Amino acid sequence: MHGKAEILDRQRDPLASDFWNKAAAPAGNAEEATCPAYVYLRGVHERALAVEFCFKTGDREFFPYSLLGPWRYNPSVGLLLRFTGDVTSLVLIRGSNFDTLVNESVNLTDRGFQRHRILAVREMDEDALAKAGPTGPTIDQILIGEFETAEDQLAWLRKLAPALVRK
């Protein structure tokens, strides 16, 4: 088991942080670009195979886009993604300005997840929130639940995001 100090050291690892420290729109023909909240594919016809969710703790989870089913967005609650495989995983992303265009080309919703262009999403610390500013997209929290039944999914949603439950 890793201790808390090891997790913090991994977060400060310069190689690991390079992923998030890229220029917002790299020069040349770089395929990826980033903003403080997420990494995306620059080409409008490019498609990612999977999305990575990065937590403040240093933990990361990956989900293939091939398992992404319906998703919902409510600006006051967040973005709810449903990945269906052996079990159903619900990913609730809380934050703000998900529809804001980054570099006039991508956002988290219709130009991001809908087109499979998002490579990674991360929970943001205070420094990253400051970089995003008041109008940039922010990710305050990522919650992931795994469920075997629809009833368990509904109970989780009713507890964490009742506005996303259909009546």
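Any read-out appearing in this document is the output of simple, stated calculations on the displayed coordinates, not a laboratory observation. None of the values given here were measured: they were computed from a predicted structure. Cβ atoms come from the backbone with ideal geometry, glycine included; neighbour counts cover every protein chain shown.
Here are the numbers for the structure shown:
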quantity: Peptides ranked, highest mean first, by Cβ atoms within 10 Å: ranges 112-123, 155-166, 93-104; calculated: 112-123, 93-104, 155-166
quantity: Cα-projected label distance for Ala150 with Thr84, points at 7 Å along beta-carbon direction, nm; calculated: 1.0 nm
quantity: Rough spin-label spacing in nm, given labels placed 7 Å along Cα→Cβ, for Asp110 and Val165; calculated: 3.0 nm
quantity: Neighbourhood charge, 12 Å Cβ-Cβ cut-off, centred on Gly95 and excluding it, Lys, Arg +1 and Asp, Glu -1; calculated: -1
